[in-house]
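Working notes, structure below.
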Amino acid sequence: YDKTYILEGDSLRASIFLAAYDDTNLPEIQLASEGAKLPENATDVPESQRRNVPIGSDGRGKLRLAANSIGDKKWEGVIKFRNPTGGGTTSYPFNINYEVAKPSLVVSPVKMNVLYRGIENPVAISVPGISQDALRPTISTGQLVRQNDGTYIAKGMTGNKAIVTVTAEIDGKSKAMGSFEFRVKSVPDPVAKFAGKTSVDNAAKKEDMTAALGVIAELKDFEFDLSYPIKSFDMTVIMGGDAKTLKADNNRLTADMKSLLSQVRRNQTVIIENIKATAPDGSTRSLGSINLRVL
């Protein structure tokens, strides 16, 4: 047959024949139902399962099987011919095995070919017309780990680029399918927030500050849902020209910070600074400061 991997909606075309050909003694070719298992050394396909394959002028059976459903396909059959010296017929069993897969569309955004350090990056790898099980992808830095759904996770990358190279095992041979280059970048810094305010804000109500539990880090407009735990921050309050600074070793306001905030007055300044957060790759990120005038 012409190929062992068929796209759904296509068809398999096969020629079934004996090496020796006599145009005066054409064979009979019987095909069993899909998936039917014939007994060993079967001489006939049972009539309830039988499909006769038409014979061409060249003595070959011309078979065409529609690929209407995906999966591994197995067909068995028998070639029968009359013995030229008399004495009945001789039967030869045969089988046809192939795979039907859904058509695949590969679309890659040219300006977003980025893998991020320190996180698990999902990557879809496919080659139209080639089974996923036949693909052998590698990456120049880090690891590619195949998932149960056939996609991959790229992780552990270093440097500024990573090249994914794909080969395929086809008919027992390894063939190059091409490569794709990714940029490797660090995950961007999140935005620190206190009492619902960020570094771009310059004022907040006292009741919002005293109601706040602490400082959070929020990663906006990013493809991955990542956590940046706050590991420490300082709070400085300026009252009457004097500055008092308190330190927290996590994201929560300390009791002393809450007490100090309860004493602030209108137009005094509260500064959340030296904010440190832990990135997904374990590194520490400095998130700047938030300067707020009390309303």
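The values are calculated or read from the model by the stated rules, or taken from the named source; none is laboratory data. If you're wondering where the values come from, they're calculated on a predicted model, not measured in any experiment. Because the Cβ atoms are built from the backbone with ideal geometry, glycine has one as well, and the counts that use them run over all protein chains shown. We work out accessible area using only protein heavy atoms, side chains counted, and drop any ligands, DNA or RNA first. Shrake-Rupley method; radii C 1.70, N 1.55, O 1.52, S 1.80 Å.
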Using only the Cα atoms of the stretch 155-295, each taken as one equal point scatterer with no solvent, compute I(q) by the Debye sum, divide by I(0), and report log10 of the ratio at q = 0.12 Å⁻¹.
-0.58
What is the gain in length, in nm to one decimal, between residue 143 and residue 74 on full extension, counting 0.36 nm per residue of separation less the C-alpha to C-alpha distance?
21.2 nm
Across 5 Å bins from 0, what is the distribution of all Cα-Cα pair distances for the chain, in whole percents?
1, 5, 9, 10, 9, 7, 6, 6, 6, 6, 5, 5, 4, 4, 4, 3, 3, 3, 2, 1, 1, 0, 0, 0, 0
How large is the accessible surface per residue of the chain, computed with a 1.4 Å probe and reported in Å² as a whole number?
58 Å²
The ³J(HN,Hα) series, computed from each phi in the stretch 40-55 with the Karplus coefficients 6.51, -1.76 and 1.60 at θ = phi - 60°, rounded to the nearest Hz and given as x for glycine or proline, is 4, 6, 4, 9, 8, 8, x, 4, 5, 10, 7, 9, 7, 8, x, 9
Would you mind getting me the FRET efficiency between residue 218 and residue 97? Use the beta-carbon distance for r and R0 = 41 Å, nearest 0.05.
0.15
Residues whose modelled amide H sits under 5 Å from the amide H of residue 216, counting only those 5 or more places away in sequence or on another chain, are 193
The chain: relative contact order as a whole-number percent, Cα under 8 Å and 6+ apart:
12 percent
From the phi of every residue in the stretch 6-13, what ³J(HN,Hα) in whole Hz does the Karplus formula 6.51 cos²θ - 1.76 cosθ + 1.60 yield, where θ is phi - 60° and glycine or proline is x?
10, 7, 4, x, 8, 8, 8, 10
Residue 37-residue 62 pseudo-label distance in nm [points 7 Å out on the Cα-to-Cβ vector]
3.5 nm
Rounded to two decimal places and with Rh computed the Kirkwood way over Cα pairs, what is Rg over Rh for the stretch 120-162?
0.99
Once both label points are put 7 Å beyond Cα along the C-beta direction, the residue 265-residue 289 separation in nm becomes 2.3 nm
Over all Cα pairs of the stretch 242-281, the Kirkwood radius sets Rh, and Rg/Rh then becomes 1.04
Distance in nm between residue 158 and residue 171 label points, each 7 Å along Cα→Cβ, equals 4.2 nm
For residue 199, placing the label point 7 angstrom along Cα-to-beta-carbon and taking the stretch 219-240, residues whose amide nitrogen sits under 17 Å are 219-221, 228-236
From the phi of every residue in the stretch 97-102, what ³J(HN,Hα) in whole Hz does the Karplus formula 6.51 cos²θ - 1.76 cosθ + 1.60 yield, where θ is phi - 60° and glycine or proline is x?
10, 7, 10, 10, 10, 6
Bin by bin, in steps of 10 Å, what percent of the Cα pairs in the stretch 7-92 do you find, going until the bin that has the longest distance?
16, 45, 31, 7, 1
Cross-link reach list, lysines versus residue 206, counting only Cα pairs under 30 Å and skipping chain neighbours closer than eight places
193, 197, 220, 231, 244, 247, 258, 276
Over its alpha-carbon atoms, the stretch 196-254 yields an Rg and a Dmax in Å of 13.7, 45
